[in-house]
Amino acid sequence: MQLSLSLEDLASYVAAQLNNFFPDGREVAARDIRKAVGVTVERVDYCFKHSSSGRYAANGTTIFNHLYSDHYVVFLWMLSSTIWRETGPDQITDKLYCLNKMLHGLNCMYDAGLPDIFLLFHTVGTVLGKAEYSDYFVALHGCTVGSHNGKYPVLGKGVAMAANSALIGNCKIGDRVSIGAHTTVFQKDIPSDSSVYINEGGQQVVRLAEKSYAQSFFNVKI
């Protein structure tokens, strides 16, 4: 994997951000997160190698740039998830969650259960709750996945959410479903291989689609 910083420097970089943004006297040392950073980079490598974009993988090599925000937002979430899996919630996981919200406008807890393969773009205003996610998930800015009466959506493989779309409540979203911009699915099941969008008359339309929106982001067939 091509890294913009070595693992040691990346751990120091994250620790410096946490200590500068959250000067509560409980400093995070680079050594405290170095192992988790290594595990997380492996997770990022596996995720990004499925991307069809040259900014994520090129000539058989995955790419991670800590200054490319669409990379770094995924890395920070995966780092918080990695640490949570090993130690449970603590001050570092909480700070990483807050850091991702501050830097990228992403509201997604470390235990939200995002899949192994997913991409997030322009994440300002995106809220991803504790739904059941599957691989090849894509979300753009302003997206919401949330609960209603304690029930969350169940997402199939290759679900893609365009800008300012939402999935709310007890709904089952099939494989390769594309959610159009400004479209809200509330307590409604959507069959696989469908597109959901708002037409010119303001009505919600569900129709079969030959190709899913998510497919354009990945180099393997979903």
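Report whether or not Val185 is β-branched (Val, Ile, Thr), under 15 Å from Val138 (Cα atoms) and touching a strand residue (DSSP E or B) at 6+ places or on another chain (Cβ under 6 Å). Judged against the criteria, Val185 is not a match. Restricting the stretch 141-155 to residues that are of a type outside the set (Val, Ile, Thr) and crowded, with 22+ Cβ neighbours inside 10 Å leaves a set whose member that is farthest from His71 (Cα to Cα) is Pro153. Among the residues of the stretch 34-93 satisfying the criterion of being of a type in the set (A, V, I, L, M) and out of contact with any helix residue (DSSP H, G or I) (no Cβ under 9 Å at 6 or more places or on another chain), which is nearest to Gln17 (Cα to Cα)? Looking at the filtered set, the residue picked out is Leu67.
For the stretch 14-58, a tally of residues being hydroxyl-bearing (Ser, Thr, Tyr), surrounded by 17 or more Cβ atoms within 10 Å (Cβ to Cβ) and in a helix (DSSP H, G or I) returns 1. Within the stretch 121-142, can you find the residues that are within 20 Å of Ser192 (Cβ to Cβ), assigned to a loop (DSSP other than H, G, I, E, B) and hydrophobic (A, V, I, L, M, F, W, C)? Within the stretch 121-142, just Ala131 meets the criteria. Here is the figure for the stretch 168-222: residues that are assigned to a loop (DSSP other than H, G, I, E, B), closer than 21 Å to His148 by Cβ and of a type in the set (Lys, Arg) total 1. Sub-8 Å Cβ pairs linking a first residue in the stretch 31-48 that is within 10 Å of Val74 (Cβ to Cβ) and aliphatic (A, V, I, L, M) to a second residue that is modelled with pLDDT of 95 or more and not in a helix (DSSP H, G or I), at least 6 apart or interchain, are Val44/Met1; Val44/Thr62; Val44/Phe64, ordered by first then second residue.
The values are calculated or read from the model by the stated rules, or taken from the named source; none is laboratory data. If you're wondering where the values come from, they're calculated on a predicted model, not measured in any experiment. A quick note on method: Cβ atoms are made from the backbone with ideal geometry, for glycine too, and the neighbour counts reach across all protein chains shown.
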